[in-house]
Amino acid sequence: MRKTQLFGGWMLILFLFVSINAQESNSEAKDYVLKSDLHVEMADGIHLATDIYLPREEGQFPCVLIRSPYNKNHSKKDAEWFVQQDVAVVVQDTRGKFASEGKFYPFWHERCDGLACVEWIRRQPWFGGKIGGWGGSYVGYTQWAISDALDALTPLLTSAEMYGLIYPGGLFSLASAFNWGLVVNAQKNNPIPPQKILDAYGRLPLSVADDSTGFPNQFLDDWLRHEIEDHYWQRMNHRGPVTAPVLSVAGWYDIFLKSQITDFQKLDSGIHPASRLIIGPLVHGKPAVEMDWGGEEKTGDFQGLARQFLVAQLTDASKDWLLPPFKPNRYSLFIMQRNEYYGCDKWPPKSVSFQSYYLNDNQKLSPAPSSEKSKVEFTYDPMNPFISKGGTFLGVGVGPAWQNDNLNRKDQAAFESEVFEQPLTLLGPIDAVIYCRTDAPATDFIACLQDVYPDGQILNIQEGGTSVSGDTTCTSRFRRAELSLWATGYEIAKGHKLRLVLTSSLFPRFNRNLNNAESIFEARKSRVARQEIYFGKDHPSRVILPVLKAE
């Protein structure tokens, strides 16, 4: 049953993010002109399949550009909405996908091809002077790749760089990379049975996993070869100052969250006054648990907001595009469980103070460190990894998920706070510092922050990890490991507890570290590692929480 829930909906993965909450076109909408299956020439002579949606009336119009690897025909509803606003729309299959020529290699050609498409648009007789980008996930990345050539951007659940997606914290994001990369590796899509993708997770070395599904995969092999952020990833990084207005929509459980926040911060001091970052209770796939965040009245209409923003920037920037319940501030941050937005103009919010909760004896998580030296130990066997439940990966069964199935595992150290007598609101980045030691040449340490309900149910809030070099010389050398648990907007309710789990795997959210300091491209032999975590005097292991001051 679990396999079906996690991996049975791969078609959903491919098309869910072309738009958010796509709505049907108005049956009474104005007529428009569709010019389909045009072939726009790129700089190297490759032709990309392109559709144009034009208002029926003669004239010149601003343009919305949508460049997608998911079949341009799936953007029809978005295009029809914009053309009703007297905005032209150009929709294009990216290189090597569906009706376009060339070979598909993710993220590699989007700048040169996007710029060629922009130049082609500027030569069209119907073009009225402004071009805006539209779309989410990969379609949002195609906007960042040409952000300096656009007059407005609406990157939804995406990022301007891809290393943070594939290697968050330096750990290979196995489920996201395989769920997406194995399926899109074709002109259309590879019809891989979900069970084959599941089986590929466990194959060693990972470089044979693509062959196990029946289709050699060059770009996935290249991702495995480039574990550090080198020149390979730098070519795909389009982060930097942008003068055009940007509406960025992120999700607390989304795969791009950490990178997307950094993207927005890197817009620089010259950021357009209309630019906004919205973070809602969004995921990149089908949630494991359908949480009650208060419905659209509380969470807002993300697509409606982005549409209104884009049309306003392309036609009349003085238009009132802001929709409730979003805040007018630069940052509009949804606080889960409180189910309302918090507005601020800085990240992290000025009203946040960072408070440490320390690991203590008796599995306690406390605001004060212990004066005694202590440690916990566990063994980590890569052949029996700690199983991830939900979390920030791409697929089915993502986001918030109940964690109780992992309670009795021995390969973890868990610490819990006292019951909170008042709500504790977290809003901002979460970090952990642990003093650790391993007898393996290299291993991983992973931290998971969780919410313990009064009835004993446990819900994940956020997770993150890092690799640690080992000590095989028995010289008692400690490692001070710093872990980013990304960020959250989450309220721990009165009567609940905080729980911090420390382990060495979170599979298949992250690839298993085989503990031998080999490259993941070729690693195939594993060893069991003995892990030690020290806390108390001289070793203040802790989680650092962004606590929002009570108002």
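The values are calculated or read from the model by the stated rules, or taken from the named source; none is laboratory data. If you're wondering where the values come from, they're calculated on a predicted model, not measured in any experiment. Using ideal geometry, Cβ is built from the backbone for each residue, glycine included, and neighbour counts are taken over all protein chains shown.
Tell me, yes or no, whether the range 189-207 has at least one residue that is in contact (Cβ under 8 Å) with a residue 12 or more places away in the chain, within 23 Å of I271 (Cα to Cα) and surrounded by fewer than 18 Cβ atoms within 10 Å (Cβ to Cβ). Even if it seems obvious, please write down each step before you answer.
Let us first name the residues in the range 189-207 that are in contact (Cβ under 8 Å) with a residue 12 or more places away in the chain, namely 189-190, 192, 194-201, 204-207.
Narrowing the set further to residues that are within 23 Å of I271 (Cα to Cα) leaves none.
The answer is no, given that none of the residues of the range 189-207 is in contact (Cβ under 8 Å) with a residue 12 or more places away in the chain, within 23 Å of I271 (Cα to Cα) and surrounded by fewer than 18 Cβ atoms within 10 Å (Cβ to Cβ).
Could you list, in sequence order, the residues of the range 534-543 that are surrounded by 16 or more Cβ atoms within 10 Å (Cβ to Cβ) and either touching an Asp or Glu at 6+ places or on another chain (Cβ under 8 Å) or not assigned by TED's automatic domain parsing to the domain that holds L483 (or both)?
Passing the criteria: G536, V543.
Scan the range 411-423 residue by residue and report those that are over 21 Å from R542 (Cα atoms) and of a type outside the set (S, T, N, Q).
Within the range 411-423, E421 is the sole residue that qualifies.
For the range 407-427, state whether one or more residues are acidic (D, E), modelled with pLDDT of 95 or more and surrounded by 16 or more Cβ atoms within 10 Å (Cβ to Cβ).
yes
For the range 304-325, name all the residues that are of a type outside the set (A, V, I, L, M), farther than 16 Å from P273 by Cα and in contact with a strand residue (DSSP E or B) (Cβ under 8 Å, 6 or more places away or on another chain).
Once the filter is applied, which keeps residues that are of a type outside the set (A, V, I, L, M), farther than 16 Å from P273 by Cα and in contact with a strand residue (DSSP E or B) (Cβ under 8 Å, 6 or more places away or on another chain), the range 304-325 yields T315, P325.
Residue-wise test of (1) more than 23 Å from the chain's Cα centre (by Cα); (2) among the basic types (K, R).
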position: F127; (1), (2): yes, no
position: I131; (1), (2): yes, no
position: A149; (1), (2): yes, no
position: A152; (1), (2): no, no
position: P168; (1), (2): no, no
position: N185; (1), (2): no, no
position: P194; (1), (2): no, no
position: A200; (1), (2): no, no
position: R203; (1), (2): yes, yes
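Can you tell me which residue among V83, V90 is crowded, with 21+ Cβ neighbours inside 10 Å, under 27 Å from the mean Cα position of the chain (by Cα) and either closer than 18 Å to L310 by Cβ or not assigned by TED's automatic domain parsing to the domain that holds H231 (or both)?
Just one listed residue meets the conditions, V90.
Give me a count of the residues in the range 253-297 that are in contact with a Pro (Cβ under 6 Å, 6 or more places away or on another chain), under 21 Å from I458 (Cα atoms) and either charged (D, E, K, R) or not in a loop (DSSP other than H, G, I, E, B) (or both).
Number of matching residues: 0.
Is it the case that the range 126-143 has a residue that's over 23 Å from N189 (Cα atoms) and crowded, with 24+ Cβ neighbours inside 10 Å?
Yes, the conditions are met somewhere in the range 126-143.
Taking the condition basic (K, R) and over 30 Å from S353 (Cα atoms), does R477 pass?
In short, yes.
A quick yes/no check of all residues on (1) in contact with a helix residue (DSSP H, G or I) (Cβ under 6 Å, 6 or more places away or on another chain); (2) modelled with pLDDT under 95:
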| position | (1), (2) |
| --- | --- |
| Q5 | no, yes |
| L12 | no, yes |
| I20 | yes, yes |
| Q23 | no, yes |
| L38 | no, no |
| M42 | yes, no |
| H47 | no, no |
| Q60 | no, no |
| L65 | no, no |
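At least 2 residues that are among the charged types (D, E, K, R) in each: list the strands (runs of 3 or more DSSP E) lying fully within the range 462-551 that qualify.
Passing ranges, in order: 479-492, 497-503, 529-536.
Where in the range 328-368 are there strands (runs of 3 or more DSSP E), lying wholly inside it, with at least 1 residues that are under 13 Å from G536 (Cα atoms) and assigned by TED's automatic domain parsing to the domain that holds I461? It would help to see each step written out before you state the result.
Details: elements: 331-335, 340-344, 352-360, 364-366.
Once the strands (runs of 3 or more DSSP E) in the range 328-368 are filtered for at least 1 residues that are under 13 Å from G536 (Cα atoms) and assigned by TED's automatic domain parsing to the domain that holds I461, what remains is 352-360, 364-366.
What number goes with the only condition from (1) under 16 Å from the mean Cα position of the chain (by Cα); (2) outside any loop (DSSP other than H, G, I, E, B) that F219 does not pass?
(1)
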